[in-house]
Amino acid sequence: MLAAALAAGSPFTAFGQARFEPTKPVRIVVPFGAGGATDILARTLSEKLTRAFGQPVLVENRAGASGIIGIGEVARAPADGHTLLVTNTALLQTPLMDNKVAYEVSSFTPVAQLSLSPLVFSVNPKVPAKDMNEFLALARAQPGVLTYGSAGTGQTLHLMGEILTRSTSVKLNHVPYKGEAPLINDLIAGHVSSGFSSIAVARQHIKSGTLRPLAVVAPARSSLMPNVPTMKEAGLNGFEVMSWFGLFAPAGTPKAIVDAVHREVANVLRMPDVVTRLEDLALNPVTDVSPAEFQRIVTNDYAAWGKIIRDAGVKPTQ
């Protein structure tokens, strides 16, 4: 395949490993607004990849409809490596909850799992619970009194709350918000009792004492808050599905292009200044997952989120 591509003038070199040498600027579409973790991650990549590709790598924010607009745009783009997508696990969740979504997960080729995004479960300091066992005991003693907030119905933070309530048989009232920032503001103000959030958003408030962390959703304790146990350490199961950020290309993108872009991205994620920048965002860079392995993660996580959504009773919109 590679020999045929070279003969046809494809942007590769015959010396050593194939390289992606784009013939025009490369677009990285972010399906959310500027300034968030997805956007910052994409812009960090674009700066470094511009040097590697020898062409401008431009980030374009295509926000709207819970990411559907931007994601759908990449699904319809030519599969030649010049249009890429940086997104999070919403790519998997949204089609499971919205029958009108104009794309399927199979519309994309996974290129690179960029980072893992650990979550933290926190309470307002006025809630008299110092750990998860105390919180659950309090919830059982006052069924339906305690609340948990989320960044929106059907999103990751809501689904984590559903895992918590269903795995422990506690009654917590769900309060959805339009985004993580208003959730955190109301959690600090005490308008909701508890909630899952990204460590990146919550950690400054945890440091200041306006939030109390009870557990993290991650395979191991976070280096940013090493004294906070994981959900598994707290005796809770069902939190194995991790939130992540990933780089995708339209389905049908040649494997040679996917592999070449993956190698450049992995090189970027190993750069010390990039590692520092991502750690400042509470993101753990991933460099040892191949495109094929990331495809397996996507497939398995899609099935896992589907079960979580069905078990939670979240109905797809028609």
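Each reported figure results from applying straightforward, stated rules to the coordinates on display, with no laboratory input. All values reported here derive from a predicted model rather than from experimental measurement. With ideal geometry, Cβ positions are generated from the backbone for all residues, glycine too; neighbour counts draw on all protein chains shown.
List, in order, the whole-Hz ³J(HN,Hα) value for each residue of segment 151-162 obtained from phi through the Karplus relation with A = 6.51, B = -1.76, C = 1.60 and θ = phi - 60°; use x for Gly and Pro.
7, x, 4, x, 7, 3, 5, 5, 5, 5, x, 5
Hey, with R₀ at 35 Å, roughly what FRET efficiency would Asp311 and Ala79 work out to, going by the Cβ-Cβ distance, to 0.05?
Rounded to the nearest 0.05, the efficiency is 0.50.
Work out how much length Arg51 to Lys171 would gain on full extension: take 0.36 nm times their residue separation and subtract the Cα-Cα distance, in nm to one decimal.
Full extension from Arg51 to Lys171 adds 37.9 nm.
For segment 89-166, which trypsin sites (Lys or Arg not before Pro) pass both filters: DSSP loop (anything but H, G, I, E, B) and at most 10 other C-beta atoms within 10 Å?
Loop-located and lightly packed - Lys100, Lys126.
Mind giving me the nanometre distance, one decimal, between the label points for Glu21 and Asp288, set 7 Å out from Cα along Cα→Cβ?
3.3 nm
Hey, what angle do you get for helix 132-141 against the long axis of the chain, alpha-carbon based, 0 to 90 degrees rounded to 10?
50 degrees
Setting aside same-chain residues fewer than 8 positions from Lys255, which aspartates and glutamates have a Cα under 16 Å from its Cα?
Cα-Cα hits under 16 Å: Glu21, Asp80, Glu264, Glu293.
For labels at Glu60 and Arg296 in the simple 7 Å Cα→Cβ model, what's the distance in nm?
3.5 nm
For Lys126 paired with Glu233, estimate the spin-label separation in nm (one decimal), with each label point 7 Å from Cα along the Cα-to-Cβ line.
3.0 nm
Distance between Cα centroids, segment 251-303 to segment 74-104: provide it in whole Å.
Using only Cα atoms to place each centre, the spacing works out to 17 Å.
Explain nothing, just compute: Karplus ³J(HN,Hα) = 6.51 cos²θ - 1.76 cosθ + 1.60, θ = phi - 60°, for every residue of segment 95-105 in order, whole Hz, x for Gly and Pro.
In residue order, the calculated couplings are x, 6, 10, 9, 6, 9, 4, 8, 8, 10, 4 Hz.
For the cross-link pairs Lys130/Lys232; Lys126/Lys207; Lys24/Lys48; Lys130/Lys207; Lys130/Lys171; Lys178/Lys207, which exceed 21 Å when the distance is taken from alpha carbon to alpha carbon?
From Lys130/Lys232; Lys126/Lys207; Lys24/Lys48; Lys130/Lys207; Lys130/Lys171; Lys178/Lys207, over 21 Å: Lys178/Lys207.
Between 0 and 90 degrees, rounded to the nearest ten: what's the tilt of helix 255-270 against the longest Cα principal axis of the chain?
Rounded to the nearest ten degrees, it is 60.
Counting other C-beta atoms within 10 Å, which of His205, His158 has the fewest, and how do the rest follow?
Final ranking by Cβ density, sparse to dense: His205, His158.
Report, largest value first, the span of the C-alpha coordinates of the chain along each principal axis, in whole Å.
Principal-axis extents of the chain (Cα, largest first): 72, 44, 30 Å.
Label 7 Å along Cα→Cβ of Ala137; segment 220-253 residues with amide nitrogen under 20 Å?
Hits in segment 220-253 for Ala137 at 20 Å: 228-237.
Set the Förster radius R0 to 30 Å, insert the Cβ-Cβ distance between Ser208 and Asp273 as r into 1/(1 + (r/R0)^6), and round the FRET efficiency to 0.05.
With a Förster radius of 30 Å, E is 0.60.
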